[in-house]
Amino acid sequence: MTLHQEVASGPDSIGATPPVVELQSVTKTFGTVRAVRGVTLRIDPGQVYGLLGPNGAGKTTLMRILVGLVRSDAGTVQILGRPPGDPRTLRRIGALIESPAFVPHLSGRVNLQVLARARGLPDAEVVRVLRAVDLDGAADRRVTGYSLGMRQRLGVAGALLGDPSLLILDEPTNGLDPEGTASMRSLIRDLAGSATVLLSSHLLGEIQHVCDRVVVLDKGAVVAEDSVSALLSRSGSRTVIVRAQPMDLAEKVLKSNDAWSKAVRAGDAGDPHVRLELDGDGVPGLVRALVEAGVEIHEVRRERRSLEDVFFALTGDHSAGSGT
Ligand SMILES: Nc1ncnc2c1ncn2[C@@H]1O[C@H](COP(=O)(O)OP(=O)(O)OP(=O)(O)O)[C@@H](O)[C@H]1O
């Protein structure tokens, strides 16, 4: 049975594929701290969905709500068509929330066997998940000798036991070196073929490279929810870069029109170009004027903003850019 079929045969199936996760106006307060404020989002089958936000944004709390570890105060939560904590759905969710806990003097294999047997799963399932995270070669070494990256992979292996339909990974690359981060990224993309993945991170590069869709949280509230590509283009820069010959003539044409007079020469002798601020519908007029003046255009392109720029603009947070 495929993931789509499995989800579609759930209790709420009315034809269209139901979401794997659906939150409506979910709120959670701890004492005086409003950790989650009216969050509404939907995750469809097969998506790699990112929860992005600075420290304290409410990412872990949302994940804990989804697996039934924390109860929301208000709003509705449906996960695989049922309320969180339902034993029938818990079996179909693999979660790695905060650091994975393993018995350090036991091997990776034995640690996983303990988890598997507690759930009535055969040892063959342990072999499968060790292979999936590429730890089969180190499976019989004690966990105490594992690198942080290997421990994280073992944590993902634990979450994969039982072949879950939904995988929830809280900051899976936290603390990993660039090599560990790259291998975790490619592991997540591989897993995406067989499960829906919900991934949290405060690292923008993580989300940009791994996720299809993202919700940006700040102080518990949703500040943006979109596909990664739409989020990048929606927040596209106004800066346009023009490469043309002869450069002096191009500059003269631009300076002659008030709308373009703030154009500035940039780059070095090997790559001279002009930068100017321009709204989307201004590009054809600019190109026409340059061509009519006899300028040969080599390139006109809008400068791409990274998700990092978008994130800063949305949250005003300037502490979350490292590790991209
Ligand atoms: N059990 C709890 N008791 C009291 N406050 C809590 C509890 N859990 C979370 N909080 C508070 O709720 C807010 C959101 O925390 P949460 O851990 O969900 O954020 P986060 O986005 O996962 O942050 P980080 O990236 O630092 O892990 C924070 O202010 C946190 O201190």
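On a 1.4 Å probe surface of the protein chains, which of LEU167, LEU115 comes out largest in accessible area, and what is the full order?
Correct descending sequence by accessible area is LEU115, LEU167.
Share of the range 102-235's accessible area from carbon and sulfur, percent, 1.4 Å?
Carbon and sulfur atoms account for 51 percent of the accessible area of the range 102-235.
Over the range 105-258, what is the percentage of antiparallel beta bridges among all DSSP beta bridges, to the nearest 5?
60 percent
Of HIS202, HIS298, HIS273, which is the most mobile in a GNM of the chain whose springs link Cα atoms less than 10 angstrom apart?
Highest fluctuation among the options: HIS298.
Can you give the extra length, in nm with one decimal, that the chain gains between ARG265 and ALA313 once fully stretched, where that is 0.36 nm per residue apart less the Cα-Cα distance?
14.6 nm
Any lysines with Cα under 30 Å of the LYS28 Cα? List them, leaving off those in the same chain fewer than 8 positions away.
Correct list for LYS28: LYS59, LYS219.
In nanometres, what is the gap between the two model label sites at THR40 and ALA118, each 7 Å from Cα along Cα-to-Cβ?
3.8 nm
Choose one of GLY220, LEU231, GLY267: the residue whose Cα lies farthest towards the positive end of the charge dipole of the chain (beta-carbon charges +1 Lys, Arg; -1 Asp, Glu; about the Cα centre).
Selected residue: GLY220.
Output the antiparallel fraction of DSSP beta bridges having both residues in the range 3-233, as a percent to the nearest 5.
Within the range 3-233, antiparallel bridges account for around 55 percent of the total.
Tell me the per residue accessible area of the range 154-298 using a 1.4 Å probe; a whole number in Å² is fine.
43 Å²
By how many nm would the segment from ARG142 to GLU98 grow when fully extended, if each residue of separation counts as 0.36 nm and the alpha-carbon distance is taken off? List each step's numbers first, then the result.
On the way: separation 44, 0.36 × 44 = 15.84 nm, distance 2.11 nm.
My answer for the length gained is 13.7 nm.
Explain nothing, just the number: dipole magnitude of the chain about its Cα centre with +1 on each Lys and Arg Cβ and -1 on each Asp and Glu Cβ, in debye rounded to the nearest 20. If you can, show how the numbers build up before the last one.
Numbers: 37 positive and 38 negative charges, 182 e Å.
So the dipole magnitude of the chain works out to roughly 880 debye.
Setting aside same-chain residues fewer than 8 positions from LYS252, which lysines have a Cα under 24 Å from its Cα?
LYS262
With charges set only on the Cβ (+1 for Lys and Arg, -1 for Asp and Glu), what does the dipole of the range 237-302 come to about its Cα centre, in debye to the nearest 20?
About 120 debye.
Among 259-269, 54-64, 31-41, what's the highest-first ranking by average C-beta atoms within 10 angstrom per residue?
Ranked by mean Cβ neighbours within 10 Å, highest first: 54-64, 31-41, 259-269.
With a Förster radius of 41 Å, plug the Cβ-Cβ distance of THR76 and ASP190 into 1/(1 + (r/R0)^6) and report the FRET value to the nearest 0.05.
My answer for the efficiency is 0.80.
Round to a whole number: what % of the accessible area of the range 237-302 belongs to carbon and sulfur, probe 1.4 Å?
50 percent
How far is it, in nm, from the label point at SER25 to the one at VAL283 when both lie 7 Å from their Cα along the line to the Cβ?
Label-label distance for SER25 and VAL283, simple model: 4.1 nm.
Using 20 Å as the cut-off for backbone N distance, which residues of the range 133-160 belong to the label zone defined by a point 7 Å from the Cα of GLU179 along Cα→Cβ?
Zone members listed by number: 133-156.
The values are calculated or read from the model by the stated rules, or taken from the named source; none is laboratory data. Since this is a predicted model, take the numbers as computed values, not measurements. We place every Cβ from the backbone using ideal geometry, glycine too, and count neighbours over all the protein chains shown. Just so you know, the surface numbers come from the protein's heavy atoms only, side chains and all, with ligands and any DNA or RNA stripped out. Shrake-Rupley method; radii C 1.70, N 1.55, O 1.52, S 1.80 Å.
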